Each structure stands twice: as C-alpha cells, then as structure tokens.
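First the structure, in the form of structure tokens, and then the observations on it.
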C-alpha cells in the first residue's frame, strides 16, 4: 500500500474517531440536564430585588414535553408558558416569592420529617390560602427542598375523588389543584441543588428512580448569581 | 476465495447484520410479553425485559453471524472434527472467527486497546468535570454514568488484558504446542468481550447508570435502563473470563511438550495458570450475582430488597467474593510479566524460581479469604474484622516473594535499560506505593479514615494502573515485534515511558492527599480548598492522556510507515518464542520441541534449554 | 538455528561486598528518615483531635507510616545502588551475569521477617480496633465498646436520598437536619438508611459507618472540645451523592441546650405523626415503595 493511501486512511480514522468522540461528549452534556430559566427580577437596579416564581407539579409530563410521558415533573412558568426547566437563575440577596400549583395526587412521605416546613420566612407555608406549620404526611404529594439553604416543605396532594383531574402537562387552573405559597431569601451566590423528597416514581423500587433521579423533572438547581 | 464469496460467508458483516436482526427480535418479542406484565411498570416508560432480550438476541445473532454455530451444527450432522477456520490467510481472518491462537491474540490486543482508550477518554472527562468544584460541565447524573463507564470498562476489559492478547499468543508456544486446547472457545471469548464492550458503550442511550463499577443494590434496582447494559456487560465478561481461564488451564495441564516438567515452565505460564484458576472460580459468582440483580429489576424478586426479606449485604458480599479475586486477576499477570522479563534484561536466571511460584499461587489462594476488607465499616459482624485484617495483611507476604525474587534477579546482573525493562522497573516503584497504601487500608482503624475516599482510589490506581497497565505496555514493547515482525521505535518508546511514568505519579500521588483531606469518591462537587489539588491532578491526567497518544503514534508509525523488520531475537532472550521467526509461522514449530531445562539459563553456558524432536538433547 | 540460544560470555566476577554496602546505606537512611517522617509528617495526619477515636486513628496512621518508611528506604537504596552499579556498559557486547538461582538463607530470612512484620501489624491493628471501635460502624451488635458506652448519648442518623437527618431519642424523638452534639460526651450513632446504601462520614470526628436499609449500624465517638465538622456521604447513592453533605457542630452544654429547645419547638408540629405507628395509620415508613395503583402519584 502506498504511503499516501496509508496517510489518507489514518486521517480518515482519526477524523472518524474525532467525530464520534465529539458526538459522544456533546450528547453527554445534554443528557439528562435542563436548560436554565432566568427569572425576571423586580426592583433590580434600586432597592431589594424580588422574584416571583410560579411552579406547577404534574402527575404525567406528556409526550410533548418529554420522551418519558408518564414521568412526574416540575414545570416553571416562563414568559406565560409552562416549561420543563428545573435550573432557575435567581439574584443574590433577594426575596423570592414562590407559588406552587400541585395537580398530582398524594402518595405519602417516607420520612414524615419533611411534613414540617422550615427554612422559609416564618417557617410555614400557605396552603389554599391558609397558613399551616405542617401537613399530614399521608397527604404529601411532592416536596420541595433545598438542603444547602435548609429549606424543606411538603406539598399536599389533590384528593383521589377530585373532579377534573389533570392528565398530561401543562395543566390548567381549571383542573383540580392545590395552591401553595411561601417566601424565602437568597443570600450568597452559589449553586444550590434542589430536589423532591417524596419517593413518587412509581414502578421503581423505593420510588426513587426515573424522574426522581433525573435533572429536569424532580431535581434541579438554583443558580444564585450576584447582581 | 472471491470477494463476493468472502462477503457472503460468515464474517463480521454477517455478524453485525444478524446481531441487529437478533436485537429487534428480542426487543419486539419482549414487548409482546411485557403487555401481560405488572401494570405499574408502565409508568417507568422502560421495558427492562425488552432491553435484556434485545441485547441477548443481538449477541446470539452476532455470534451466529460470525459462524460460531457452524461447527457444532456440522458435527451434529456427522461431519468429522476439523479446524477449518484456521485455514484462512491474509488480513481478513483478523475480522472474523479464526481459530489460530496467534490471530486471536492479536485480535485481543486491538480490541482491548480500543476499549482501553474509550475507558481512558471517560477518565479525561471525569477530570474535566473535577477542574472546578461547583461548576457543572456535565449534569450530575451524566457524570455518574461517565464515572461508571470508566471503571466498568477498565475492570471488565482489562481483566483479560494480559491473558487475552499475550497468554493466547504465547502459551502454546511456550509449552511447545501448536494450538490451545479449545481453539473455538478461545475465539468465542474474544468476540463475547467485543459484544460486551459494545453493549456497555451504548448504555448512554438508555439513560446511563448511577452506581459506578460496583453496581451496589438497591441503587442498582432503582436505576434507569442503562443499568441493564452494565449487567449484560459484566455477565458477558464473566462468561468470557470463565472460558478463557478454562482454556488456559486445560492447555497447560494437558498439552505441554515432552520434557516440560512443572519446574521447567516459564514463570509467565505459572502466572497465567494462577490467574486462570481465579477466573474460572470467581467469574461465575459475578454472573450469578448479576442474574439476581436482573431478576430484581425485571421480575420484582427481592434478593437485595431489605423490606421484602432480602438484604443489601447479600449483594455486597457476593460482589466482593468475585471482586477481590478480580483485582488479583488484574495484578497477577503483572507479577508474571515482571518476573519473566527481568532475567532477560539482567542476564541472570530467575532467582528463587520455586519461591516465585509459591508467591503467585499463594496470592491466588489467599485472595479468596480477604473480601470483607471492602466492608469493614458496613456493619458486618464485629468479630470478623480482626480476621479479615489479618488475612489481608497476610496476603502481602506472597506478594513480597515477587519483590524479593525480582530484586535478587537484578542483583549483580548486567542490566540493560530497554523500553520493556523500564516499564518493569516502574512496576516496582508503583506497586510498592500501591501495596504499602494497601497496608494502611487493611488496618481497620486506618480504614475508617480512608475508606470511600480518594485515598482508596489512589491505592487501587497505583496497584492496577501502576501494576497492570505498566506491565501491559512492557509486554507490548517486548512481544509485539515478535507478533507482527516489525520493530517498535525505541526513542518514541522511551518518550512514552518517561511521560507516562512522570504524569502517572503526578496524577495519582496527590489523590492520597485529597483522600486524607476528606474528599469522598465519585463526587461531582468537592470542598473549595481542594481545588488546587484537583486542578493539578486534572492537568497531569490530561498529560497522561497525551503520553498514551504518543504510544499510539509510535504503534501506527512503526507498524504502518517505518516498518523496520524485527530480528527473530531482538532482546537476546533464551525463551523459546524468540528462537522462532518473527512473526511466528502458522504451525508454530517445524518439529515439536523437547525441553531439558527452564529458559533462564543465563550465565550457565551455551547449552540450549530445548531441541526439536528427533535431535539429541543438549543436556540430561 | 532455532535451537541455539543466544548465550553470551559471562562477565568477569566482582568481589566487592555490594550487599553490605546496601545494608549499611539502608540502616543509615532509615535511622535518619523514620524520625524525620514521624516528627514532621506525623502531626499532619487526618482526622485530627476532635474526638478520642479520631486521635486513635491519627496515632494508627502515624505508627503505620513509621513502619512503612524503612521499607521504602530499603527499596529506594536497593534500586538506586543496584541500577547504577549493575548497569550494563554502553556499546559493550551483551555479557551474562553470574548464574545465581537461589540462596535459602536469604529466602528464610525474608519469609521470617515479612511474616513477623505482618503479624505485628495485624496485632497492633486489632488492639487499636478493639479498644474503642475506632469510630467505624460495627453493625447491630458492636463488640468494641468504649468505657462508658451504656451512658452514651444516642443519635439516630438516617440516610435517605439525598440528605442525612438525625433523630435524638433523648429529646423525645426530635428529628432535625442538623447534627449538633454535646462536647466531652460519649455518643452512640445508630446509622440506617431509608432506601439505598449511604455512608455517614463525619470527617474530623473520624466516624464512618455505612447506612444500609433495614440495618442499625452502630458507631461510637467521644467528642472533645466544641468544634465544627463536615459530614459527607462516602458511598455512592445516586444522583446527588456528591451534594449529600452538611456541617455538624459540637457545642458546650449551654449552647447545646438552646439549640435543642429550638429544634424541639420546630418539631412539635409533626410530633404526633412521627410517634404514630404505621399500623395505627401513621405515615408509611417503608423501605420499598410500591404504591397501590389507586394511590399513584405519577
């Protein structure tokens, strides 16, 4: 075989290897991640920044939003539309007002400790307009916890006999839901992971597989950034 | 044979086609069954059964397409025994089923090399992620898959790293035979390993797996479908290892040439034998354990589920009953190669032949009695811990025999610093550090400090990479000229050695410190004050990767471009393979040799240790 | 010819007593190096002085390092001397070395010395281990019990994906996500898991105990002065294993009681639910989770 032909073959092999490696690495960076959502900040320049976060938790995310239509998920309201993004950019030293609409049924906490809200303002949450300092652990549907910031709260579920339950996401306000509100403060900048603690991934042992283990469904990050 | 005939015959192309067909048969077959299965598995959107049956169908189709079923079917129909697959010639036989043990050895070399580099690529990705403590290059779940892929690929593939390429090529030659005891099984072990590697590499398309190479249940049970790829990979690797070991034992026991008594065997053969015994006995435990894991994942059994009567300890113990002999499967061939090469480059006989053999067999035997040292803080029965501490410390005694015999072989020798010798000398340095750090880990109080931290990572990288991989390269530089007939460039070899040695130590020594500073294993984020240390390690790791590329360049350059014909005996070795032409002819020997002594007679005069049958022996 | 080995003429023999030189060099180096290592590297060992068990581990690590230093010195001297002295001369025809195959005295000496060293290490380790358990998890029936283990302050460490929470039976079962321990106290940590295998590692206290589902893994630690310490998970447990950490504190009695009162106040709201047994309608505290089809939350 002539030298030129050999060089060409080797160049082809190296290129092919490079392409495969590039494909592999880029696939990995996108695998099971989530695009970020930058929450709009009020009073950004002057005074104390405030962010209003609207979130919904759904029983089945549906084929339009995911390749796994039966998975539970968090969704965030981005510009009037519900998007499946669980990485949220927030400003540092700010007040974050959170509203969670839960469209999912109850499945009970494995560790009832999470039924006691803590880490947010007043150590309590508003459930359907009423302030509560705990929920019945059997009623829990999902939790929202940011362990590094000490925030824990359990979200009660829609009752089993409620009318007009939501099917696939995004769910409408006309579907049966519970409304949870609370406020917390961000301090120093950093990456703070958040997760759900209710093991609600039915079909997996311990209920912790699938959406519970995948960023973009029941897990995400708070990217707290300096102004 | 015409090109068309070759393409339509049983080869890699038909193997690939039938593999894909088999995959789809399994996939759709399982979907049909799954419809009758437990309802709420539907919520997972995965059909684990499909993954298993698809890949099993794929592997069966692949092997059938390569032609592995042809001979059994022919024999069932009454055809006489034959080795028809050995009769091919030319480059094509390397890409299919060939029963020539030398072809299988070279296939192994390239196949293992490919997956070694894939595993190495994953290592580079790990170190990229760890450049910064809190910035995420890869999402956390993907990072765990990368970590798992690196470990699993390396452990699974490199278990056959020396026995696959070098034992398959050399054992028949060293014992004076023309073939292995079971040539088709030999070829099967290679293609099983390749299928396994392909299955593992595709796990990223099924969501990856979060357990690392140890695959602990119950995390294994709740993982995504990529976990099934891991299970199938190790199951196939286990089968491949069992058959490989079986073949080695059968060959060495039954096919030695006349005059080759047990005390005249090259020490490399003893190393292969002690490794093969471990393979045959340990790998089936792995296959059984993973079968239980697969059942837990698909059929809702509860072997490892504590609430339903199982136990997570069951998995841990079963895995490590395999896992500890596994690491000696990795380490022992390294010992054997060092002891085999030192006499050649020190020009002295192997010192303490019987003690070396005792060392190899002693390590092999004792490796069965130490596995719970991986579980010291898991909550095992407290009475067991002093026992396992003792047994683990005891295993350093036979390991020490290898050191003694190697050092005394060098003593008063006439040492030539060729590239293979440099790698063997580096083995002493690396394995010493690895072994001594193992002494720390075997001491239970010290293990409480270091278990699950980067200290234990540094320990096993020093012993496995510093031990096995360095000797793997020693073996390559030593035997590839014999196997291919072309010389490897010595200058590039030395550059490869020095860059690899320096950057290997620069990468892994600081990890001892990181472990002592409290950095656990397999973490995607770490304490900020450890950033400098991790950055040093990452940059060194990238340089280590570059040194591997230097090796690859050397390989391609020497074998494809420079093409300097290698002499029959470039190292002036007395071992039998170097008395044959390079590359070794298909039938190995014109006449079967008759042995009269071991191949280490340096300084004992010009008396040959073997003669072809029919000639008078050199000595009684 | 295939059967002709590549035998070379032997090198003229050399009557220097290389062995004695190596032994002397090694003794000198060891005698210098071992105390230096013990003095300068010794104090740097983890985990530190925050607990009695931690101090025990530091001592262990120091003894092992002092033990290992002469071995390193031996090999360093041997190879430095040997590779230089016995180097083949360049451009010289290949010469064989002396045909030394064995020396049973050296073999016997080596076997005896290595065996003695190993037995000493095993004995030393066993003694240190059985004194107080060295902070490691010993399972449900620990045998290495510190002196005051009956009066130990009990804390249940609960590992779950992906946070450690802590229950304090002596405070009426208060559960908290903070590990706050009283100073100068014997503590018994009962480590368990609700799902997969985790490992509770209190770095500076020198405690490491795996959390297995359904198993009570007991580890003892005697706290010393008030301090903060890091808690990390040391067994891969899934997605957020790397993020499963928090900081614990050891506090003097006064501050500890203030914290305990606060934690109890926060806990009061769910205490009724935590005290109720699962059979009486309390929250399911199951280790495997197979929800009934009509209770599926997705």
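The values are calculated or read from the model by the stated rules, or taken from the named source; none is laboratory data. Because the structure is predicted, anything quoted here is derived from the model rather than measured. All Cβ positions, even for glycine, are placed from backbone atoms using ideal geometry, and neighbour counts span all protein chains on display.
Looking at region B:412-522, the helices (runs of 4 or more DSSP H) lying wholly inside it that each contain 2 or more residues that are within 30 Å of residue B:602 (Cα to Cα) and out of contact with any strand residue (DSSP E or B) (no Cβ under 9 Å at 6 or more places or on another chain) sit at B:419-442, B:470-484, B:490-516. Among the conditions (1) closer than 22 Å to residue A:64 by Cβ; (2) crowded, with 24+ Cβ neighbours inside 10 Å; (3) more than 19 Å from the chain's Cα centre (by Cα), the only one that residue A:210 does not satisfy is (3). Of everything listed in (1) under 30 Å from residue A:226 (Cβ atoms); (2) touching a residue at least 60 places away in the same chain (Cβ under 8 Å), the single unmet condition for residue A:53 is (2). Could you please tell me which pairs satisfy a Cβ distance under 7 Å, a separation of 6+ or placement on different chains, a first residue in region C:16-43 that is under 13 Å from residue B:411 (Cβ atoms), and a second residue that is part of a helix (DSSP H, G or I)? What qualifies is C:18/C:85; C:21/C:81; C:22/C:77; C:22/C:78; C:22/C:81.
Among the residues of region A:95-108, the one identified as within 7 Å of chain C (Cβ to nearest Cβ) and either under 17 Å from residue A:147 (Cα atoms) or not in a loop (DSSP other than H, G, I, E, B) (or both) is A:105. Please determine whether any residue of region C:43-52 is facing chain B (nearest Cβ under 10 Å) and more than 39 Å from the chain's Cα centre (by Cα). Within region C:43-52 (the criterion being facing chain B (nearest Cβ under 10 Å) and more than 39 Å from the chain's Cα centre (by Cα)), the answer is no, since none of the residues qualifies. Scanning region C:219-237 for residues that are surrounded by fewer than 24 Cβ atoms within 10 Å (Cβ to Cβ) and facing chain B (nearest Cβ under 8 Å) yields one hit, C:230. Across region A:51-84, the number of residues qualifying as farther than 20 Å from residue A:210 by Cβ, at pLDDT below 90 and surrounded by 16 or more Cβ atoms within 10 Å (Cβ to Cβ) comes to 1.
Restricting the search to region A:131-147, which residues are more than 7 Å from chain C (Cβ to nearest Cβ) and either assigned to a strand (DSSP E or B) or free of Cβ contacts under 8 Å to residues at least 12 places away in the same chain (or both)? A:131, A:132, A:140, A:142, A:143, A:144, A:145, A:146 - these are the residues of region A:131-147 that are more than 7 Å from chain C (Cβ to nearest Cβ) and either assigned to a strand (DSSP E or B) or free of Cβ contacts under 8 Å to residues at least 12 places away in the same chain (or both). Across region A:181-199, the qualifying residues are those that are facing chain C (nearest Cβ under 8 Å) and out of contact with any helix residue (DSSP H, G or I) (no Cβ under 6 Å at 6 or more places or on another chain), and the one among them that is modelled with the lowest pLDDT is A:198. Put simply, of C:140, C:146 the only residue that is in contact with a helix residue (DSSP H, G or I) (Cβ under 8 Å, 6 or more places away or on another chain) and either within 12 Å of chain B (Cβ to nearest Cβ) or surrounded by 18 or more Cβ atoms within 10 Å (Cβ to Cβ) (or both) is C:146.
Among the residues of region C:53-109, those identified as free of Cβ contacts under 8 Å to residues at least 60 places away in the same chain, under 30 Å from residue C:181 (Cβ atoms) and facing chain B (nearest Cβ under 7 Å) are C:61, C:64. Is it fair to say residue B:574 is in a loop (DSSP other than H, G, I, E, B) and at the interface with chain C (Cβ under 7 Å from one of its Cβ atoms)? Against the criterion (in a loop (DSSP other than H, G, I, E, B) and at the interface with chain C (Cβ under 7 Å from one of its Cβ atoms)), residue B:574 qualifies. If I filter region A:132-140 for residues that are buried (at least 18 other Cβ atoms within 10 Å of the Cβ) and under 18 Å from residue A:54 (Cα atoms), do I get at least one hit? Scanning region A:132-140 turns up no residue that is buried (at least 18 other Cβ atoms within 10 Å of the Cβ) and under 18 Å from residue A:54 (Cα atoms). Among the residues of region A:152-165, those that are surrounded by fewer than 21 Cβ atoms within 10 Å (Cβ to Cβ) and either more than 10 Å from chain C (Cβ to nearest Cβ) or within 14 Å of the chain's Cα centre (by Cα) (or both) comprise A:159, A:161, A:162, A:163, A:164, A:165. Residues that are out of contact with any helix residue (DSSP H, G or I) (no Cβ under 9 Å at 6 or more places or on another chain) and within 14 Å of chain C (Cβ to nearest Cβ) do occur in region A:19-39, at least one of them. Take residue B:239 and decide whether it is crowded, with 24+ Cβ neighbours inside 10 Å and in the same structural domain as residue B:178 (by TED's automatic domain parsing). Taking the combined requirement at face value, the residue does not satisfy it. If the condition is being free of Cβ contacts under 8 Å to residues at least 12 places away in the same chain and more than 8 Å from chain C (Cβ to nearest Cβ), then region B:594-608 contributes no residue at all. Against the definition (modelled with pLDDT of 95 or more, surrounded by fewer than 24 Cβ atoms within 10 Å (Cβ to Cβ) and either in a helix (DSSP H, G or I) or in the same structural domain as residue B:416 (by TED's automatic domain parsing) (or both)), how does residue B:318 come out, yes or no? Here the answer is yes, as residue B:318 does meet what is asked. Listed conditions (1) more than 14 Å from chain A (Cβ to nearest Cβ); (2) in contact with a helix residue (DSSP H, G or I) (Cβ under 7 Å, 6 or more places away or on another chain); (3) surrounded by fewer than 24 Cβ atoms within 10 Å (Cβ to Cβ) are all met by residue B:262, apart from (2).
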